[in-house]
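Report on the following structure.
The values are calculated or read from the model by the stated rules, or taken from the named source; none is laboratory data. Not measured: the values here are computed from a predicted model. Ideal geometry is used to build each Cβ from the backbone, glycine not excepted, and the neighbour counts take in all protein chains shown. Remember, those area values only see protein heavy atoms, side chains included, never the ligands or the DNA or RNA. Shrake-Rupley method; radii C 1.70, N 1.55, O 1.52, S 1.80 Å.
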Amino acid sequence: MDQFESFKAAQKQGWAHFAPYEAHTTPCAAMLVKRAGVRAGQSVLDVACGTGVVSVTAARLGARVTSLDLTPELLERARENARIAGVDVQWNEGDVEKLPFADASFDVVLSQFGHIFAPQPEVAIGEMLRVLKPGGTIAFSTWPPDLFVGRMFALSANYMPPPPKAVPPPPMWGDPSIVRHRLGNSVKDIHFDRERMTVPALSPSHHRAGAEKSAGAVVRMVAMLQDTDPEKLEQFRREYDALAEEYFEDNLVRQDYLITRATRI
Ligand SMILES: C[S@@+](CC[C@H](N)C(=O)[O-])C[C@H]1O[C@@H](n2cnc3c(N)ncnc32)[C@H](O)[C@@H]1O
(Lines give C-alpha, C1' and ligand atoms only; values in the text may rest on other atoms or scores of the structure.)
Protein backbone atom coordinates (compact mmCIF):
# COMPACT_ATOMS: atom_id res chain seq x y z
CA MET A 1 0.00 0.00 0.00
CA ASP A 2 1.50 3.39 -0.93
CA GLN A 3 1.76 6.20 1.63
CA PHE A 4 -1.43 7.92 0.45
CA GLU A 5 -3.45 4.71 0.53
CA SER A 6 -2.37 3.92 4.10
CA PHE A 7 -3.14 7.52 5.07
CA LYS A 8 -6.68 7.10 3.67
CA ALA A 9 -7.10 3.74 5.43
CA ALA A 10 -6.32 5.48 8.75
CA GLN A 11 -8.75 8.31 7.89
CA LYS A 12 -11.48 5.77 7.21
CA GLN A 13 -11.03 4.32 10.72
CA GLY A 14 -10.99 7.73 12.40
CA TRP A 15 -14.15 8.98 10.66
CA ALA A 16 -16.17 5.85 11.50
CA HIS A 17 -17.40 7.56 14.70
CA PHE A 18 -18.43 10.89 13.16
CA ALA A 19 -22.23 10.30 13.05
CA PRO A 20 -23.12 12.25 16.26
CA TYR A 21 -21.51 15.37 14.73
CA GLU A 22 -24.20 15.46 12.04
CA ALA A 23 -26.25 17.45 14.56
CA HIS A 24 -23.73 20.29 14.09
CA THR A 25 -23.20 19.97 10.33
CA THR A 26 -26.95 19.79 9.53
CA PRO A 27 -27.60 23.58 9.70
CA CYS A 28 -24.40 24.26 7.72
CA ALA A 29 -25.64 21.84 5.02
CA ALA A 30 -28.66 24.08 4.41
CA MET A 31 -26.32 27.08 4.11
CA LEU A 32 -24.03 25.36 1.58
CA VAL A 33 -26.96 24.16 -0.53
CA LYS A 34 -28.42 27.68 -0.47
CA ARG A 35 -25.12 29.39 -1.36
CA ALA A 36 -24.63 26.93 -4.23
CA GLY A 37 -28.11 27.81 -5.53
CA VAL A 38 -29.22 24.16 -5.81
CA ARG A 39 -32.53 23.83 -7.67
CA ALA A 40 -35.02 21.04 -8.42
CA GLY A 41 -33.98 18.88 -11.37
CA GLN A 42 -30.25 19.61 -11.14
CA SER A 43 -27.77 16.74 -10.92
CA VAL A 44 -25.75 17.24 -7.75
CA LEU A 45 -22.66 15.42 -6.46
CA ASP A 46 -21.87 15.57 -2.71
CA VAL A 47 -18.29 14.39 -2.10
CA ALA A 48 -17.14 13.17 1.32
CA CYS A 49 -20.84 13.17 2.18
CA GLY A 50 -20.50 11.55 5.63
CA THR A 51 -23.99 10.86 6.96
CA GLY A 52 -25.50 12.67 3.99
CA VAL A 53 -26.65 15.96 5.52
CA VAL A 54 -25.86 17.97 2.35
CA SER A 55 -27.17 15.20 0.07
CA VAL A 56 -30.50 14.89 1.83
CA THR A 57 -30.93 18.68 1.99
CA ALA A 58 -30.36 18.95 -1.79
CA ALA A 59 -32.57 15.94 -2.52
CA ARG A 60 -35.41 17.47 -0.50
CA LEU A 61 -35.29 20.44 -2.90
CA GLY A 62 -35.86 18.06 -5.80
CA ALA A 63 -32.25 17.73 -7.02
CA ARG A 64 -31.01 14.36 -8.36
CA VAL A 65 -28.26 13.62 -5.86
CA THR A 66 -25.25 11.31 -6.08
CA SER A 67 -22.96 11.05 -3.07
CA LEU A 68 -19.63 9.49 -2.20
CA ASP A 69 -17.67 8.86 0.98
CA LEU A 70 -14.71 6.80 2.11
CA THR A 71 -16.34 5.49 5.31
CA PRO A 72 -18.96 2.70 5.11
CA GLU A 73 -20.26 3.26 8.65
CA LEU A 74 -21.25 6.83 7.71
CA LEU A 75 -22.86 5.73 4.45
CA GLU A 76 -25.02 3.32 6.43
CA ARG A 77 -26.30 6.22 8.51
CA ALA A 78 -26.68 8.32 5.33
CA ARG A 79 -28.97 5.65 3.85
CA GLU A 80 -31.06 5.76 7.01
CA ASN A 81 -31.22 9.57 6.84
CA ALA A 82 -32.47 9.42 3.24
CA ARG A 83 -35.03 6.78 4.17
CA ILE A 84 -36.34 8.86 7.09
CA ALA A 85 -36.55 11.98 4.89
CA GLY A 86 -38.23 9.98 2.10
CA VAL A 87 -35.72 10.90 -0.62
CA ASP A 88 -33.67 8.91 -3.12
CA VAL A 89 -29.90 9.42 -3.22
CA GLN A 90 -27.28 7.34 -5.08
CA TRP A 91 -24.71 6.44 -2.39
CA ASN A 92 -21.17 5.36 -3.34
CA GLU A 93 -18.30 4.16 -1.22
CA GLY A 94 -15.18 5.72 -2.72
CA ASP A 95 -12.39 8.25 -2.75
CA VAL A 96 -12.68 11.88 -3.87
CA GLU A 97 -9.26 11.48 -5.50
CA LYS A 98 -10.70 8.78 -7.82
CA LEU A 99 -14.29 9.71 -8.62
CA PRO A 100 -16.09 6.87 -10.45
CA PHE A 101 -18.04 9.27 -12.70
CA ALA A 102 -17.69 10.41 -16.32
CA ASP A 103 -16.38 13.88 -17.22
CA ALA A 104 -18.99 16.68 -17.08
CA SER A 105 -21.66 14.57 -15.31
CA PHE A 106 -23.01 17.07 -12.75
CA ASP A 107 -24.57 20.55 -12.63
CA VAL A 108 -23.31 21.10 -9.07
CA VAL A 109 -20.44 19.57 -7.07
CA LEU A 110 -20.48 20.13 -3.30
CA SER A 111 -18.24 19.27 -0.36
CA GLN A 112 -18.89 20.19 3.24
CA PHE A 113 -15.76 19.91 5.40
CA GLY A 114 -14.98 16.83 3.29
CA HIS A 115 -12.55 16.94 0.34
CA ILE A 116 -10.17 18.94 2.59
CA PHE A 117 -9.12 15.59 4.10
CA ALA A 118 -7.85 14.14 0.82
CA PRO A 119 -4.06 13.96 1.05
CA GLN A 120 -3.48 15.33 -2.47
CA PRO A 121 -5.51 18.55 -2.78
CA GLU A 122 -4.68 19.09 -6.45
CA VAL A 123 -5.89 15.57 -7.29
CA ALA A 124 -9.13 15.97 -5.30
CA ILE A 125 -10.03 19.35 -6.82
CA GLY A 126 -9.01 18.09 -10.27
CA GLU A 127 -11.50 15.27 -9.94
CA MET A 128 -14.29 17.52 -8.60
CA LEU A 129 -13.81 19.89 -11.56
CA ARG A 130 -13.49 17.05 -14.08
CA VAL A 131 -16.97 15.68 -13.28
CA LEU A 132 -18.57 19.16 -13.26
CA LYS A 133 -20.30 20.39 -16.45
CA PRO A 134 -19.08 23.62 -18.08
CA GLY A 135 -21.19 26.40 -16.55
CA GLY A 136 -21.79 24.23 -13.46
CA THR A 137 -21.25 25.30 -9.84
CA ILE A 138 -18.64 24.04 -7.43
CA ALA A 139 -19.12 25.00 -3.77
CA PHE A 140 -17.47 23.86 -0.57
CA SER A 141 -17.25 24.67 3.13
CA THR A 142 -13.82 24.71 4.77
CA TRP A 143 -12.08 25.64 8.03
CA PRO A 144 -9.74 28.68 8.03
CA PRO A 145 -6.33 28.01 9.61
CA ASP A 146 -6.50 31.03 11.96
CA LEU A 147 -9.90 30.26 13.53
CA PHE A 148 -10.98 27.69 16.10
CA VAL A 149 -11.18 24.46 14.09
CA GLY A 150 -8.08 25.28 12.02
CA ARG A 151 -6.14 26.00 15.20
CA MET A 152 -7.49 22.81 16.78
CA PHE A 153 -6.22 20.79 13.78
CA ALA A 154 -2.79 22.39 14.15
CA LEU A 155 -2.78 21.61 17.89
CA SER A 156 -3.76 17.96 17.28
CA ALA A 157 -1.10 17.62 14.58
CA ASN A 158 1.56 18.54 17.17
CA TYR A 159 0.66 15.38 19.08
CA MET A 160 0.55 12.96 16.15
CA PRO A 161 3.23 11.26 14.09
CA PRO A 162 3.82 13.44 11.02
CA PRO A 163 1.63 12.52 8.02
CA PRO A 164 3.30 11.23 4.85
CA LYS A 165 5.47 13.97 3.40
CA ALA A 166 3.71 16.40 1.15
CA VAL A 167 0.27 16.04 2.80
CA PRO A 168 -0.73 19.67 3.38
CA PRO A 169 -2.83 20.53 6.47
CA PRO A 170 -6.61 20.46 5.70
CA PRO A 171 -7.20 24.07 6.93
CA MET A 172 -5.13 25.38 4.00
CA TRP A 173 -8.47 24.97 2.22
CA GLY A 174 -9.80 27.79 4.43
CA ASP A 175 -7.37 30.37 3.03
CA PRO A 176 -8.98 32.23 0.08
CA SER A 177 -5.67 32.83 -1.71
CA ILE A 178 -4.82 29.11 -1.58
CA VAL A 179 -8.37 28.23 -2.68
CA ARG A 180 -8.02 30.55 -5.70
CA HIS A 181 -4.70 28.96 -6.59
CA ARG A 182 -6.03 25.41 -6.26
CA LEU A 183 -9.15 26.17 -8.32
CA GLY A 184 -6.84 27.47 -11.02
CA ASN A 185 -8.03 28.82 -14.33
CA SER A 186 -10.78 26.30 -15.07
CA VAL A 187 -13.29 28.35 -13.01
CA LYS A 188 -14.62 31.91 -13.03
CA ASP A 189 -16.64 34.09 -10.61
CA ILE A 190 -15.01 32.83 -7.41
CA HIS A 191 -17.05 34.06 -4.44
CA PHE A 192 -16.38 33.68 -0.70
CA ASP A 193 -18.79 33.83 2.25
CA ARG A 194 -18.02 33.52 5.93
CA GLU A 195 -20.46 31.55 8.08
CA ARG A 196 -20.73 30.38 11.68
CA MET A 197 -21.40 26.95 13.16
CA THR A 198 -22.27 27.09 16.87
CA VAL A 199 -21.70 23.90 18.83
CA PRO A 200 -23.56 23.49 22.14
CA ALA A 201 -21.21 22.57 25.00
CA LEU A 202 -21.63 22.70 28.76
CA SER A 203 -17.95 23.64 29.11
CA PRO A 204 -14.85 23.79 26.87
CA SER A 205 -13.99 20.31 28.20
CA HIS A 206 -17.34 18.99 26.99
CA HIS A 207 -16.46 20.21 23.51
CA ARG A 208 -13.13 18.38 23.73
CA ALA A 209 -14.80 15.20 25.05
CA GLY A 210 -17.09 15.27 21.98
CA ALA A 211 -14.10 15.66 19.65
CA GLU A 212 -12.34 12.74 21.35
CA LYS A 213 -15.32 10.54 20.47
CA SER A 214 -16.21 11.81 16.99
CA ALA A 215 -13.66 14.05 15.21
CA GLY A 216 -11.52 11.85 12.91
CA ALA A 217 -7.99 13.06 13.68
CA VAL A 218 -8.64 13.55 17.40
CA VAL A 219 -10.17 10.07 17.76
CA ARG A 220 -7.05 8.48 16.25
CA MET A 221 -4.66 10.63 18.26
CA VAL A 222 -6.35 9.92 21.61
CA ALA A 223 -6.42 6.18 20.88
CA MET A 224 -2.68 6.29 20.24
CA LEU A 225 -1.68 8.42 23.25
CA GLN A 226 -3.94 6.60 25.70
CA ASP A 227 -1.68 3.56 25.44
CA THR A 228 1.68 5.12 24.73
CA ASP A 229 1.88 8.44 26.59
CA PRO A 230 -0.99 9.30 29.01
CA GLU A 231 0.87 12.39 30.28
CA LYS A 232 1.12 13.81 26.80
CA LEU A 233 -2.60 13.13 26.38
CA GLU A 234 -3.35 15.16 29.51
CA GLN A 235 -1.21 18.00 28.16
CA PHE A 236 -3.17 17.88 24.86
CA ARG A 237 -6.42 18.04 26.83
CA ARG A 238 -5.27 21.12 28.75
CA GLU A 239 -4.20 22.89 25.56
CA TYR A 240 -7.45 21.98 23.77
CA ASP A 241 -9.59 23.26 26.63
CA ALA A 242 -7.66 26.55 26.76
CA LEU A 243 -8.15 27.00 23.00
CA ALA A 244 -11.87 26.15 23.14
CA GLU A 245 -12.30 28.61 26.02
CA GLU A 246 -11.35 31.46 23.64
CA TYR A 247 -14.38 30.65 21.47
CA PHE A 248 -16.80 29.62 24.26
CA GLU A 249 -19.71 31.87 25.24
CA ASP A 250 -23.23 31.17 26.50
CA ASN A 251 -22.62 27.39 26.32
CA LEU A 252 -21.79 27.58 22.62
CA VAL A 253 -18.46 27.19 20.84
CA ARG A 254 -18.09 29.46 17.77
CA GLN A 255 -16.70 27.62 14.76
CA ASP A 256 -16.48 30.13 11.92
CA TYR A 257 -15.85 28.81 8.42
CA LEU A 258 -15.54 29.75 4.77
CA ILE A 259 -17.87 28.87 1.88
CA THR A 260 -16.36 29.06 -1.60
CA ARG A 261 -18.47 29.09 -4.76
CA ALA A 262 -17.25 29.22 -8.35
CA THR A 263 -18.47 28.50 -11.89
CA ARG A 264 -16.78 25.92 -14.15
CA ILE A 265 -15.61 27.41 -17.43
C1 LIG B 1 -15.92 16.18 8.79
S2 LIG B 1 -16.64 14.83 7.93
C3 LIG B 1 -17.87 15.70 6.97
C4 LIG B 1 -19.04 14.86 6.56
C5 LIG B 1 -20.21 15.57 5.91
N6 LIG B 1 -19.82 16.21 4.65
C7 LIG B 1 -20.82 16.58 6.84
O8 LIG B 1 -20.73 17.79 6.57
O9 LIG B 1 -21.42 16.16 7.85
C10 LIG B 1 -15.38 14.41 6.77
C11 LIG B 1 -15.78 13.30 5.81
O12 LIG B 1 -14.77 13.17 4.81
C13 LIG B 1 -14.69 11.80 4.45
N14 LIG B 1 -13.43 11.60 3.73
C15 LIG B 1 -12.17 11.77 4.20
N16 LIG B 1 -11.27 11.52 3.23
C17 LIG B 1 -11.98 11.19 2.11
C18 LIG B 1 -11.63 10.81 0.78
N19 LIG B 1 -10.34 10.72 0.40
N20 LIG B 1 -12.62 10.54 -0.10
C21 LIG B 1 -13.92 10.59 0.27
N22 LIG B 1 -14.31 10.93 1.52
C23 LIG B 1 -13.36 11.23 2.43
C24 LIG B 1 -14.83 11.09 5.78
O25 LIG B 1 -15.18 9.74 5.64
C26 LIG B 1 -15.92 11.94 6.45
O27 LIG B 1 -17.20 11.44 6.14
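Results, tabulated for the structure shown:
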read-out: Cα long-axis angle, helix 204-214 against the chain (0 to 90 degrees, to the nearest 10); value: 60
read-out: The range 188-255, relative contact order in percent, only Cα pairs under 8 angstrom and at least six apart counted; value: 50
read-out: Segment Ser43-Thr198, length gained on full extension (0.36 nm per residue, minus Cα span); value: 52.8 nm
read-out: Nearest-20 debye value, the range 1-151 charge dipole, Cβ charges on Lys, Arg, Asp, Glu; value: 560
read-out: Among 258-264, 89-95, the order from most to least packed when residues are scored by Cβ within 10 Å on average; value: 258-264, 89-95
read-out: Accessible surface of the range 1-73 [probe 1.4 Å, protein heavy atoms]: carbon and sulfur percent; value: 57
read-out: Pairwise centroid distance, computed over Cα atoms, of the range 138-173 with the range 98-121, Å; value: 18
read-out: Virtual spin-label span in nm between Arg237 and Ala223, 7 Å along Cα→Cβ; value: 1.9
read-out: Dipole of the range 9-126, positive end: most advanced residue of Gln90, Val33, Phe18 [Cβ charges, Cα centre]; value: Val33
read-out: Förster radius 51 Å - calculated FRET efficiency between Asp146 and Ala102 (Cβ-Cβ, nearest 0.05); value: 0.85
read-out: 0 to 90° range, to nearest 10: angle between helix 230-246 axis and the chain longest Cα axis; value: 60
read-out: Estimated translational D of the range 121-265 in µm²/s (Stokes, Kirkwood radius over Cα pairs; 4 °C; 1.567 mPa s); value: 77
read-out: log10 of Debye I(q)/I(0), alpha-carbon scatterers only, for the range 113-170 at 0.15, 0.19, 0.24 Å⁻¹; value: -0.55, -0.79, -1.05
read-out: Relative frequency of Cα-Cα separations exceeding 20 Å in the range 1-135, percent; value: 40
read-out: Solvent exposure of the range 24-137 as accessible area per residue, Å², 1.4 Å probe; value: 39
read-out: Peptides ranked, highest mean first, by Cβ atoms within 10 Å: ranges 35-46, 53-64, 142-153; value: 53-64, 142-153, 35-46
read-out: Charge dipole magnitude, Cβ of K and R +1, D and E -1 - the range 1-62, Cα centre, debye nearest 20; value: 320
read-out: Percent antiparallel among DSSP beta bridges (both partners in the chain, rounded to 5); value: 50
read-out: Neighbourhood net charge (12 Å Cβ-Cβ; Lys/Arg +1, Asp/Glu -1) for Asp107; value: +4
read-out: Signed unit charges on C-beta, dipole axis of the range 155-250, positive-most listed residue Phe248, Ala209, Trp173; value: Trp173
read-out: P(r) of the chain over all Cα-Cα pairs, binned every 5 Å from zero, in whole percent; value: 1, 6, 13, 18, 20, 18, 13, 7, 3, 1, 0
read-out: For Val109, residues with placed amide H under 5 Å, excluding near neighbours; value: Leu45, Thr137, Ile138, Ala139
read-out: Simple Cβ-charge dipole of the chain, Lys/Arg +1 and Asp/Glu -1, about Cα centre, in debye nearest 20; value: 820
read-out: The range 117-222, relative contact order in percent, only Cα pairs under 8 angstrom and at least six apart counted; value: 27
read-out: 222 nm mean residue ellipticity, helices alone, for the chain (DSSP H n ≥ 4; -39,500 (n - 2.57); rounded to 500); value: -14000 deg cm²/dmol
read-out: ³J(HN,Hα) computed for each position of the range 115-124 - Karplus, 6.51 cos²θ - 1.76 cosθ + 1.60, integer Hz, glycine/proline x; value: 5, 4, 8, 5, x, 10, x, 5, 6, 4
read-out: Nearest 10 degrees, 0 to 90: helix 216-228 Cα axis against the chain principal axis; value: 30
read-out: Overall Cα dimensions of the range 1-57 - principal axes, largest extent first, Å; value: 41, 25, 15
read-out: Peptide ranges 8-16, 113-121 listed from the most packed, as the mean C-beta count within 10 angstrom indicates; value: 113-121, 8-16
read-out: Selection from Met197, Val219, Pro230 lying farthest towards where the dipole of the range 128-237 points positive, charges on Cβ; value: Met197
